[in-house]
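Structure, as structure tokens:
The values are calculated or read from the model by the stated rules, or taken from the named source; none is laboratory data. All values derive from a computational prediction rather than experimental measurement. Positions of Cβ are generated from backbone atoms using ideal geometry, with glycine treated the same way; all protein chains shown enter the neighbour counts.
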Amino acid sequence: MRDFHQPGRSAVFATNGMCATSDPLAAKVAVQILEAGGNAVDAAIAGAVLLGLCEPQMTGIGGDCFVLLAKPGEDDIIALNGSGRAPAGLSAAEMRDRGLATVPISTSDAVTIPGAIDAFCRLSKDHGKIGLKATLAPAIHYMEAGIAVGPRTAFDWAEAEATPQGAAKDFYLINGKAPGAGQVFRAPKQAEVLRRVAQHGRAGFYEGEVAEDMVASLQAAGGSHTLDDFAATACDYTTPIAGTYKDLELVEHPPNGQGATAILMNNILAQFDLPSLNPVGSARAHIEAEAAKLAYDTRNRFLSDADHMTRVDHMLSMETAKELAALIDPTKAMANPVKLSEQVHKDTIYITVVDKDLMAVSLIYSIFHSFGSGIASDKFGILFQNRGAGFTLEEGHPNEAAGGKRPMHTIIPGMLRKDGEVIMPFGVMGGAYQPNGHARFVTNLVDFGKHPQQAIDAPRSFSDAGDMKVERGYSDQVRQELADMGHTVSIPETPIGGAQAIMIDRENGTLQGASDPRKDGCAIGY
């Protein structure tokens with residue numbers, strides 16, 4: 001239990017259903033869907049689509065998603081890959097010929113086909129209860145009526161004010177400026193897109209006038225995208241991967257997401273006596289940073305589209321983890337194993353919902369960088385992700401950019417199982433931080449006995465491309481000790497990531513929701 005003398009946030013308890021996400025309105029809408037008879041899938045879709053209005057710098061219908069779904073009475077967790085592919089005309093060789101060393105983040109080269117809408121339609125059809133019309137109705141209403149911009153969203157919006165270009169400026173700025181906290185933001189053109197999806201399903205987005213608008217806008221920006229690329233978009237059911245950390249099983253989405261990195265990092269950390277360390281001390285932060293460097297280096301070498309990756313078993317192997325752990329000096333920072341060749345950033349939303357039947361959804365949904373590519377379609381204002389920046393241009397690399405291929409993704413939904421039962425859907429936003437965030441969350445729970453809300457509230461650190469970011473929740477003494485070990489230490493301008501979780505307490509018949517104070521959102525139950 002937290003110290004009630006200190007500032008903090010209590011967990012939210014309920015018995016019938018719960019949503020935890022990064023905006024209160026989206027959480028409220030998700031719970032209203034549950035109260036109206038929808039299930040966790042319906043509620044998660046409703047909340048996620050609305051988050052594209054509440055946090056348009058983070059996500060939107062021009063982006064991708066990954067989903068983990070646990071259904072009552074079924075032992076296996078379902079994984080759905082809603083990430084889009086590169087247009088058929090994309091060529092790493094052609095970009096190298098232009099003198100490019102990486103995929104430029106603010107051009108049509110980085111725009112992969114949006115996969116989220118196809119995934120939402122498939123989820124609703126296969127596992128939902130009330131249908132797309134009812135599920136999308138709240139988002140359609142708020143797209144037209146508008147929402148009051150939250151304080152954290154306003155902060156992020158102002159930071160990325162220069163990113164929207166061309167038509168995107170008209171759709172995502174107000175009189176040329178980022179809206180401030182409390183200003184009303186509307187997206188009526190996207191309401192029209194959602195009406196078409198509600199009426200016609202995926203065809204309302206990937207075919208006809210909406211698809212024509214997206215293709216024409218991308219081609220005008222120099223892209224090779226075609227109507228055939230959009231029509232061919234399809235999500236895929238896949239088999240989750242998992243790893244055990246002491247008494248908990250961490251379930252992750254398989255590649256092209258980076259969930260294997262989180263499992264590898266936990267396996268490395270399992271080689272150390274973390275419970276003997278101060279949870280907010282320099283020794284723990286140092287070992288975690290070194291484990292992250294090694295796990296991320298492995299990711300950069302092997303992780304790619306599942307059709308092109310052959311080393312998943314190597315990443316999940318405990319023997320690999322033991323060999324990497326042996327490279328860690330508990331008193332000295334290693335040089336960064338490799339310069340990260342993929343673009344990584346921190347813009348994503350996460351939503352988790354558990355309903356009265358204990359159907360649990362863990363859904364992560366993103367346009368990658370803040371405001372994605374900065375390019376929006378001319379007529380409907382659909383903001384395009386820049387997930388193609390997750391490709392490398394290194395010839396022969398499994399993640400080399402190519403037409404029809406999915407790039408390495410940073411976004412990863414998570415679930416925890418204990419004794420074969422799902423006990424917690426959870427997610428950690430924060431781009432490259434996400435595997436580190438999953439490992440930090442799990443070790444906070446297991447090694448330091450924290451409640452999910454305490455595990456989320458706790459200060460974070462992250463060694464990112466040679467910069468050891470240490471939040472202000474750590475003491476100056478810890479920062480100095482880390483610097484003495486050889487880390488280049490900084491205090492990040494924005495907090496590291498965000499997180500949500502719902503703990504399923506079967507013994508008491510309750511749900512316990514946790515939501516990150518680093519974001520505007522909350523957990524709501526009924």
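Listed conditions (1) β-branched (Val, Ile, Thr); (2) more than 23 Å from the chain's Cα centre (by Cα); (3) within 27 Å of Asp156 (Cβ to Cβ) are all met by Thr510, apart from (3). From the list Asp378, Asp355, the one residue that fits, being buried (at least 24 other Cβ atoms within 10 Å of the Cβ) and of a type in the set (D, E, K, R), is Asp355.
Ala20 fulfils the conditions (1) part of a loop (DSSP other than H, G, I, E, B); (2) in contact with a Ser or Thr (Cβ under 9 Å, 6 or more places away or on another chain); (3) under 26 Å from Thr153 (Cα atoms); (4) at pLDDT 95 or above except for a single criterion, (1).
From the list Ala376, Ala389, which one is modelled with pLDDT of 90 or more and touching a Leu at 6+ places or on another chain (Cβ under 7 Å)?
Values: Ala389 fails: touching a Leu at 6+ places or on another chain (Cβ under 7 Å).
Selected residue: Ala376, the only one of Ala376, Ala389 that is modelled with pLDDT of 90 or more and touching a Leu at 6+ places or on another chain (Cβ under 7 Å).
Determine whether Pro279 is surrounded by fewer than 23 Cβ atoms within 10 Å (Cβ to Cβ), within 22 Å of Ser304 (Cβ to Cβ) and of a type outside the set (Val, Ile, Thr).
The answer is no for Pro279.
Suppose we keep only residues that are at pLDDT 65 or above and within 30 Å of Gly38 (Cβ to Cβ) within the range 318-352. Which one would you say is surrounded by the fewest Cβ atoms within 10 Å (Cβ to Cβ)? Among those residues, the one meeting the criterion is Thr348.
Looking at the range 400-418, is at least one residue under 30 Å from Tyr245 (Cα atoms), out of contact with any Asp or Glu (no Cβ under 6 Å at 6 or more places or on another chain), surrounded by fewer than 20 Cβ atoms within 10 Å (Cβ to Cβ) and at pLDDT 95 or above? Yes, the range 400-418 has at least one match.
In the range 152-211, which residue that is of a type in the set (S, T, N, Q) and part of a loop (DSSP other than H, G, I, E, B) is surrounded by the most Cβ atoms within 10 Å (Cβ to Cβ)?
The first filter runs over the range 152-211 and keeps only residues of a type in the set (S, T, N, Q), leaving 153, 163, 165, 175, 183, 190, 199.
Still in the list and also part of a loop (DSSP other than H, G, I, E, B): 163, 165, 175, 183.
Working: Thr163: 23, Gln165: 15, Asn175: 5, Gln183: 15.
Checked the range 152-211; the qualifying residue surrounded by the most Cβ atoms within 10 Å (Cβ to Cβ) is Thr163.
Cβ separations smaller than 6 Å between residues 6+ apart or across chains give the following pairs from the range 427-454 residues that are closer than 14 Å to Leu264 by Cβ and in contact (Cβ under 8 Å) with a residue 60 or more places away in the chain to residues that are part of a loop (DSSP other than H, G, I, E, B) and of a type in the set (A, V, I, L, M): Gln434/Ile412.
Restricted to the range 212-237, and to residues that are in contact with a strand residue (DSSP E or B) (Cβ under 9 Å, 6 or more places away or on another chain) and either of a type in the set (Gly, Ala, Ser) or within 21 Å of Pro164 (Cα to Cα) (or both), which residue is surrounded by the fewest Cβ atoms within 10 Å (Cβ to Cβ)? Reasoning before the result, please.
The initial filter retains those residues of the range 212-237 that are in contact with a strand residue (DSSP E or B) (Cβ under 9 Å, 6 or more places away or on another chain), namely 217, 224, 235-237.
With the extra rule that they be either of a type in the set (Gly, Ala, Ser) or within 21 Å of Pro164 (Cα to Cα) (or both), the set shrinks to 217, 224.
Numbers: Ser217: 25, Ser224: 18.
By that ranking, first place goes to Ser224.
Scanning the range 387-431 for residues that are among the hydrophobic types (A, V, I, L, M, F, W, C) and assigned to a loop (DSSP other than H, G, I, E, B) turns up Phe391, Leu393, Ala401, Met408, Ile411, Ile412. Lys293 fulfils the conditions (1) within 15 Å of Asn436 (Cβ to Cβ); (2) in contact with a Leu (Cβ under 9 Å, 6 or more places away or on another chain); (3) basic (Lys, Arg) except for a single criterion, (2).
Does the range 464-478 hold any residues that are out of contact with any Lys or Arg (no Cβ under 6 Å at 6 or more places or on another chain) and within 23 Å of Ala295 (Cα to Cα), and which are they? Walk me through how you get there before you give the answer.
So the first thing to find is which residues in the range 464-478 are out of contact with any Lys or Arg (no Cβ under 6 Å at 6 or more places or on another chain), and the list is 464-469, 472-478.
If the condition is that a residue be out of contact with any Lys or Arg (no Cβ under 6 Å at 6 or more places or on another chain) and within 23 Å of Ala295 (Cα to Cα), then Asp464, Ala465, Gly466, Asp467, Met468, Lys469 are the ones that fit.
Return yes when Ala93 is in a loop (DSSP other than H, G, I, E, B), under 25 Å from Thr107 (Cα atoms) and touching a residue at least 24 places away in the same chain (Cβ under 8 Å) and no when it is not. Let's see the steps before the verdict.
Working: in a loop (DSSP other than H, G, I, E, B): no; under 25 Å from Thr107 (Cα atoms): yes; touching a residue at least 24 places away in the same chain (Cβ under 8 Å): yes.
It is false that Ala93 is in a loop (DSSP other than H, G, I, E, B), under 25 Å from Thr107 (Cα atoms) and touching a residue at least 24 places away in the same chain (Cβ under 8 Å).
Screening the candidates Leu69, Leu25, Leu34, Leu90 for the property of being at pLDDT 95 or above, crowded, with 23+ Cβ neighbours inside 10 Å and within 20 Å of the chain's Cα centre (by Cα) yields one hit, Leu69.
In a loop (DSSP other than H, G, I, E, B), under 19 Å from Thr21 (Cα atoms) and not basic (Lys, Arg) - does that describe any residue in the range 445-458? The answer is yes; a qualifying residue exists.
Let's see how each residue does on (1) at pLDDT below 95; (2) within 28 Å of Lys133 (Cα to Cα); (3) not hydroxyl-bearing (Ser, Thr, Tyr):
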residue	(1), (2), (3)
Ala154	no, no, yes
Lys169	no, no, yes
Leu173	no, no, yes
Gly180	no, no, yes
Val193	no, yes, yes
Ala203	no, yes, yes
Val215	no, yes, yes
Thr238	no, yes, no
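Residue count for the range 246-271 under the criterion of being of a type outside the set (D, E, K, R), within 26 Å of Ser83 (Cβ to Cβ) and not in a helix (DSSP H, G or I): the result is 8. Of note, Gly84 does not satisfy the criterion of being surrounded by fewer than 24 Cβ atoms within 10 Å (Cβ to Cβ) and part of a loop (DSSP other than H, G, I, E, B). Determine whether the range 428-444 contains at least one residue that is under 26 Å from Val361 (Cα atoms), modelled with pLDDT of 95 or more and surrounded by fewer than 20 Cβ atoms within 10 Å (Cβ to Cβ). For the range 428-444, residues under 26 Å from Val361 (Cα atoms), modelled with pLDDT of 95 or more and surrounded by fewer than 20 Cβ atoms within 10 Å (Cβ to Cβ): absent.
The single residue among Asn256, Asn267 that is without any contact (Cβ under 8 Å) to a residue 60 or more places away in the chain, polar (S, T, N, Q) and farther than 14 Å from Asn444 by Cβ turns out to be Asn267. Got at least one residue in the range 103-111 being buried (at least 18 other Cβ atoms within 10 Å of the Cβ), part of a helix (DSSP H, G or I) and hydroxyl-bearing (Ser, Thr, Tyr)? Scanning the range 103-111, I find at least one residue that is buried (at least 18 other Cβ atoms within 10 Å of the Cβ), part of a helix (DSSP H, G or I) and hydroxyl-bearing (Ser, Thr, Tyr), so the answer is yes. Scanning the range 237-267 for residues that are farther than 20 Å from Gly431 by Cα and touching a Ser or Thr at 6+ places or on another chain (Cβ under 9 Å) yields Tyr245, Asn267.
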